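Notes to accompany the following structure.
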Amino acid sequence: MKFINQISNFTVNEILSRDSFQNRIKLGNSICLHELIVPILQAWDSIFIGAQVEIGGNDQLFNFKLTRELQICNKQNPQVCILTPIINGLTVEKMSKSLGNCIFLMIII
């Protein structure tokens, strides 16, 4: 039930406004349902751990905006978001968790 409450803060139109989704729609490419939910799950993670700062590639701007919005809905201070250019891993592919070639940082305060 908590998950339904969290996703009810967003509309399909809002999620589909993401640049990468708009580009795929124009090209006639599919968007899977899980791709619409992942940004909200990422935001929910930040709420759960009480994140104050998040670092990510500039392709994460949309997700960071959703996170800050959901934090406010959950009466948390919106986190500081630090965006960096996308970094290539040891291969020509971008560095990402899903590709298994990323570097994790842990900051303990």
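Observations, loosely collected:
- Any chance L33 is out of contact with any Phe, Trp or Tyr (no Cβ under 9 Å at 6 or more places or on another chain), at pLDDT 90 or above and of a type outside the set (D, E): yes
- Flag for L105 being in contact (Cβ under 8 Å) with a residue 24 or more places away in the chain and assigned to a helix (DSSP H, G or I): no
- Filtered residue count, the range 21-52, keeping only those that are closer than 20 Å to I82 by Cα and polar (S, T, N, Q): 3
The values are calculated or read from the model by the stated rules, or taken from the named source; none is laboratory data. Worth saying up front: this structure is predicted, and the values here are computed from it rather than measured. Glycine also receives a Cβ, built like all others from the backbone with ideal geometry; neighbour counts cover every protein chain displayed.
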